Amino acid sequence: MGCTATVHDHAGVQPLLRYARQDPSHGLPYPIFYYSALLPWMYFAGALQGATNVVVEQQRVITKVYFPRLVLPLSAVVGGLLDFAIAFLSS
């Protein structure tokens, strides 16, 4: 009974170990591999934080003056996009 449990345990674990041994970067150096995922994530996080901060900081302007309310968050997002483009081109 102990032998069959061991065989089944190995049968369930072997595919996981085989997947863990695969190289997800496919030969690409790891710093470049990680940077390629980190760069868009940092843009997204910065754009979301910037857009939120602009709305909170400019709440008096938003409530008192009529203008398209989407302009303020978009300005933060476009500013982050410029930063993202410079970081992307410099790498």
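Numbers below:
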read-out	value
Total residues in region 46-68, condition exposed (fewer than 10 other Cβ atoms within 10 Å of the Cβ), not in a helix (DSSP H, G or I) and not aliphatic (A, V, I, L, M)	3
Restricting region 30-45 to residues that are within 15 Å of I86 (Cα to Cα) and not hydrophobic (A, V, I, L, M, F, W, C), the residue that is surrounded by the most Cβ atoms within 10 Å (Cβ to Cβ)	Y43
Cβ-Cβ under 8 Å pairs, at least 6 apart or on other chains, region 65-91 side polar (S, T, N, Q), far side modelled with pLDDT of 90 or more	S75/V54
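The values are calculated or read from the model by the stated rules, or taken from the named source; none is laboratory data. None of these values were measured; they are calculated from a predicted model. Positions of Cβ are generated from backbone atoms using ideal geometry, with glycine treated the same way; all protein chains shown enter the neighbour counts.
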